[in-house]
Amino acid sequence: MTVIHKTAEDWRVAPNFTDYDATCAGFDWADVPDVCAGMNTGGGEHGCNIAYAAADRHCDGPQGARTALRFVSDTATDGALSTRDLTYAELGGLARRFTNVLRALGVDKGDRVFTLLGRCPELYITILGALRNGSVVSPLFSAFGPEPIATRMSIGEADVLVTTKAMYDKKIAKVRDRLPSLRHVIVVDDTTAPDAEPATLKFWRWMDASSDDAPIEPTTADDPALLHFTSGTTGTPKGALHVHGAVQMHYITGRYALDLHPDDIYWCTADPGWVTGMSYGVIAPLLHGVTSIVDRAEFDAQRWYQILQTQGVSVWYTAPTAIRMLIKAGPELAAQFQFPKLRFIASVGEPLNAEAVWWGKRVLGLPIHDNWWQTETGGIMVANTPAFDIKPGSMGRPLPGVRAGVVHRRDDGSVEVVEKPDVEGELALRPGWPSMFRGYLNQEERYQRSFADGWYLSGDLAKRDADGYFWFVGRADDVIKSAGHLIGPFEVENALTDHPAVAEAAVIGMPDPTVGEVVKAFVTLKDGYSANEDLELELLGHARKRLGAAVAPKSIEIVDSLPHTRSGKIMRRLLKARELGLPEGDTSTVETVTL
Ligand code: ATP
Ligand code: MG
């Protein structure tokens, strides 16, 4: 296996994390509250509040004048991208005003504030202002239709919704009578008309009438702060509740996993409607006082290269689907741009195939660093980081303060920790990291079932090699059992995406009377290749050569697109249900991405 070796020559700035063993051995979460105000888990002057640490504490010093958020407008002028900046002081002031708006409306600590917004300034103002108020923020992805919105808002017992006039009319008005807890709807864009009580309140009218002097609600590390719904890849999305103490994790992982330095220009491409876009698109960069790029438009390969170049992005956090779309757009497009400022690229959300890591090195000049975590973990747990060698295809090693293991569940409910390297089992974590979720909303029993014998069980299968690197095998639900073998879908998909014609691959197990299940693959092709029987045979041969007959797919179907969640993950359960003619289950997050 080829390793990407790192030397000091690969660093444009000295990484924050350079001695793996010493930093992990010396790490203690109890030391973190001292790092900055607002993280004090023991209470103290500012208590523990995500928004205090992310915004308030920066406002008065020199950091106040620094750009916190740079919004790239979705309308281009003369091919140039227009931008609007908010400084730390401006953002903090607006957040304080919004805290007062909530107070004027009688919205208290613990009440639930939902957002249904694109990536506009009001989204960030609402999140921070509500967290300051001690309210619980639940961001919804703005492309959801009325049903997924109504389901999540009723599970979450929303008190307030901040949205746009158009989304209110199209998606909320018709379901509002099903949401008895919803007291106020605030619209951000309709500034002219007076409040159309009782339907909607005008965000900016209420902001203008509020002062920016709003003392922060005294919150503790255990007070609820965020409610995130999972992606719905394996079934109905779950509502995972997080607390203000998670701020320690956001800070530490921003430092070690994303290697944030004070003068970075940082771009997290995830929407704040998903946990990545909140933990690493809103909170971690603000905690570190860097400038974040916020692109208001949807994916477009040329535009993304243009943003990386013209905004001088230095640290970029994105996802495998986006990388695959850039790969598909071809190297010629990338060659029209240069990225002299870019120094670190990370990816999360799905397995990152080895070829994509190499593509980064070839085409962007930097390898892509995969990392692993979940909505439930609230922050990055296992990661490749700037100073350490990458084994392409591996998710890296547990971060300082994270204890990860591979375990086997026993029938009596206990678990056996697998000490031997390279043995597959469930990826498990020792509770104690501060951003661990504190419940699945309305599903206490399911929450309890996620823990056994002092471990949190992730539902993902992985193995750890002799050097301590973790390798993703597949979700426990997706693993294929064939003739006594357990086949991880990622290994097969990785082999298929190694072939130059393949853009994206997904494999499932199809029932078979003799061997239990056989592997079936679905692939999409890169531009310039067309589907035909010869190519199918070639792909089957390619997979067999790489994987051996026992693991290779028995059949391959070349398709135009694969079903993804709106957060960008391939939905294998949907492929399987369609293939077997079974009910499709919860499809509230499905989106068809044409790759
Ligand atoms: P649901 O729980 O509703 O089925 P989901 O698990 O996709 O949805 P998220 O919490 O958004 O919801 O995603 C976390 C999951 O994404 C992980 O459990 C894992 O399966 C996958 N994942 C995240 N990062 C990686 C990675 N680097 N490599 C492989 N898989 C990853
Ligand atoms: Mg999950």
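Annotations for the structure displayed:
- Accessible solvent surface per residue of the chain, calculated while the other protein chains remain in place, 1.4 angstrom probe, Å²: 38 Å²
- Segment 480-580, accessible surface, carbon-and-sulfur percent (1.4 angstrom probe): 49 percent
- Note on Leu582 and Val417: their simple-model spin labels are 3.5 nm apart, each label 7 Å out from Cα toward Cβ.
- Measuring r between the beta carbons of Asp34 and Glu444 and using R0 = 41 Å, the FRET efficiency lands at 0.75.
- Cβ-Cβ distance of Ala531 and Thr236, R₀ of 35 Å, FRET efficiency by 1/(1 + (r/R0)^6): the value works out to about 0.55.
- Helix runs (DSSP H) in the chain reaching 15 Å along axis by Cα, Kyte-Doolittle at least 0.5: 121-132
- Relative contact order (%) - criterion: Cα under 8 Å, at least six apart; region: segment 388-464: 33 percent
- Potential lengthening between Glu591 and Ser73 on full extension [0.36 nm per residue; Cα-Cα distance subtracted]: 184.1 nm
- Radius ratio Rg over Rh of the chain, counting only Cα atoms, Kirkwood formula for Rh: 0.95
- Distance between the modelled labels on Asp263 and Asp60, one decimal in nanometres: 2.8 nm (7 Å Cα→Cβ projection).
- Over the chain, dividing the summed -39,500 (n - 2.57) contributions of all DSSP H runs of at least 4 residues by the number of residues returns a 222 nm mean residue ellipticity of -6500 deg cm²/dmol.
- Linear extension gain, Glu332 paired with Ala301, 0.36 nm per residue minus alpha-carbon span: 10.0 nm
- When the pairs Lys361/Lys569; Lys109/Lys170; Lys481/Lys569; Lys526/Lys554 are compared against a 26 Å limit on Cα-Cα distance, Lys109/Lys170 fall above it.
- Gain on full extension, evaluated as 0.36 nm per residue between Lys165 and Asp477 minus their Cα-Cα distance, stands at 108.3 nm.
- Relative contact order of the chain, taken over Cα pairs closer than 8 Å and 6 or more residues apart, is 12 percent.
The values are calculated or read from the model by the stated rules, or taken from the named source; none is laboratory data. Because the structure is predicted, anything quoted here is derived from the model rather than measured. Neighbour counts are summed over all protein chains in view; Cβ atoms, including those assigned to glycine, are modelled from backbone coordinates with ideal geometry. Only protein heavy atoms, including side chains, enter the accessible area calculation; ligands, DNA and RNA are left aside. Shrake-Rupley method; radii C 1.70, N 1.55, O 1.52, S 1.80 Å.
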